[in-house]
Amino acid sequence: LRLGYTGGTTGKAKAVTLTTRSDLVETTAFLTDLVPELQKGDTFLHAAPIAHASGAFFLPSLVRGVHSLVMTKFDAGEFLSLAESSRAEFTFLVPTMIAMILEDPRIDQADLALRRIAYGAASISPSLIQRAERRFGRCFVQCYGQAESPMVITCLQPEDHDRIGSCGRPFSVAEVAIFDENDQPLPPGERGEIVCRGPQTMAYYWNRPEQTAEAFRNGWLHTGDIGTMDEAGFFYIVDRKNDLLISGGYNVYPREVEDVLAGFPGVVEVAVVGLPDEYWGERVVAVVAGSADLDREGLMQYARDHLASFKRPKEILVWPELPKSAANKILRRTVRESLTAQMANPVSG
């Protein structure tokens, strides 16, 4: 057995118990479904923390005799320099890293040998992946998973990236479905919770029997992600179940709003949260980090033009950067807590 840890985006990180079998299954799935081109002598550049998603590529790399080059701390300029000097063919990036690399002034001059760029660990906006493909070509593969089913739930192949917003089809070792609130399967097009089962899933949460029982109901791992499946078997993540906010009686999924705002020029990162409001119940608030010339008023107009009235942020705040977990996931919870504290203790002018 070994212990992995959840990202802690919704609270304290939980220890996940994984078996040798799940590690072997994960490695096999990576080599058959995700990066089959890995071969002896290649170089894999690890830009993300190896204690999280990027580390899942270590065993597949070891099996194939691939060199692993590890960055101790991510910097977009340093990434481009290392990728160029090492002639790395493979890497794994989280969406924030992709955005930072595309904003780096050296991006257009970099002579890179990257053949496959895997990405995941957080949602990516359609506008960002389209920008990335224009620069790097159709070499991106998305892997969707979580610590409880390490990176192995669905994958979106390079040739399938025309399916905007999809996280792909199930890995060959995983069975994936959409369940309603009564744990019954839903037909294509219906929103529900994404569930999966297979030999890649965790055994249990360490010393958390009640949470283990809640996660594994009727033999299925409940991911906590709301999503849909289309007629062709491609899955789409709507948002985290616990991040749903209700404003004026309407359900608002933060990710839908974030994906729209991310399409505005100069926006690098965005987090949407709900704050208590006497009139709305919860009001939609967006916090963005972007370039120095970000047009905040233009962004407000962009939101009015592209979002239904109940989804539009009542406020858009600009921060230098957004808080992130060790796995570089944006922490909406921390954003919400910070804004709530500011409401409780406003600074007088």
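Per-structure values
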{"quantity": "Residue within the stretch 162-176 that is touching a residue at least 60 places away in the same chain (Cβ under 8 Å), crowded, with 21+ Cβ neighbours inside 10 Å and touching a His at 6+ places or on another chain (Cβ under 8 Å) present", "calculated": "no"}
{"quantity": "Of all residues in the stretch 118-158 being β-branched (Val, Ile, Thr) and surrounded by 21 or more Cβ atoms within 10 Å (Cβ to Cβ), the one that is modelled with the lowest pLDDT", "calculated": "Val152"}
{"quantity": "Residue among Glu148, Glu159 that is of a type outside the set (Gly, Ala, Ser) and either without any contact (Cβ under 8 Å) to a residue 60 or more places away in the chain or farther than 22 Å from Met202 by Cα (or both)", "calculated": "Glu159"}
{"quantity": "Residue in the stretch 223-252 that is farthest from the chain's Cα centre (by Cα), counting only those that are polar (S, T, N, Q) and more than 24 Å from Ala147 (Cβ to Cβ)", "calculated": "Ser247"}
{"quantity": "Every pair of residues 6+ apart whose Cβ atoms lie under 7 Å, when the first sits in the stretch 268-295 and is more than 29 Å from Asp104 (Cβ to Cβ) while the second is among the polar types (S, T, N, Q) and in a strand (DSSP E or B)", "calculated": "Gly274/Ser247; Trp280/Ser247; Gly281/Ser247; Glu282/Ser247; Arg283/Ser247; Val284/Ser247"}
{"quantity": "Residues located in the stretch 229-252, provided they are assigned to a strand (DSSP E or B), aromatic (Phe, Trp, Tyr) and touching a strand residue (DSSP E or B) at 6+ places or on another chain (Cβ under 8 Å)", "calculated": "Phe235, Tyr236"}
{"quantity": "Residue check, Arg135 farther than 20 Å from Ile237 by Cα and either without any contact (Cβ under 8 Å) to a residue 40 or more places away in the chain or acidic (Asp, Glu) (or both)", "calculated": "yes"}
{"quantity": "Residue check for Thr96: more than 26 Å from Pro323 (Cα to Cα) and crowded, with 19+ Cβ neighbours inside 10 Å", "calculated": "no"}
{"quantity": "Extreme residue, nearest to His52 (Cα to Cα), among residues of the stretch 82-124 that are touching a residue at least 40 places away in the same chain (Cβ under 8 Å) and among the small types (Gly, Ala, Ser)", "calculated": "Ala121"}
{"quantity": "Candidate set from the stretch 293-349 (those that are in contact with a strand residue (DSSP E or B) (Cβ under 8 Å, 6 or more places away or on another chain) and of a type in the set (Asp, Glu)); member that is surrounded by the most Cβ atoms within 10 Å (Cβ to Cβ)", "calculated": "Glu315"}
{"quantity": "Filter result for Arg255 (within 15 Å of the chain's Cα centre (by Cα), surrounded by 14 or more Cβ atoms within 10 Å (Cβ to Cβ) and either in contact (Cβ under 8 Å) with a residue 40 or more places away in the chain or part of a strand (DSSP E or B) (or both))", "calculated": "yes"}
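Yes/no matrix, rows are residues, columns are (1) touching a Lys or Arg at 6+ places or on another chain (Cβ under 9 Å); (2) in a loop (DSSP other than H, G, I, E, B); (3) not assigned by TED's automatic domain parsing to the domain that holds Leu331:
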residue: Thr201; (1), (2), (3): no, yes, yes
residue: Glu210; (1), (2), (3): no, no, yes
residue: Glu214; (1), (2), (3): no, no, yes
residue: Gly227; (1), (2), (3): yes, no, yes
residue: Gly263; (1), (2), (3): no, yes, no
residue: Val272; (1), (2), (3): yes, no, no
residue: Leu275; (1), (2), (3): yes, no, no
residue: Val285; (1), (2), (3): yes, no, no
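The values are calculated or read from the model by the stated rules, or taken from the named source; none is laboratory data. Note that the structure is predicted; figures quoted are calculated from it, not measured. Positions of Cβ are backbone-derived with ideal geometry, glycine not excepted, and every protein chain shown enters the neighbour counts.
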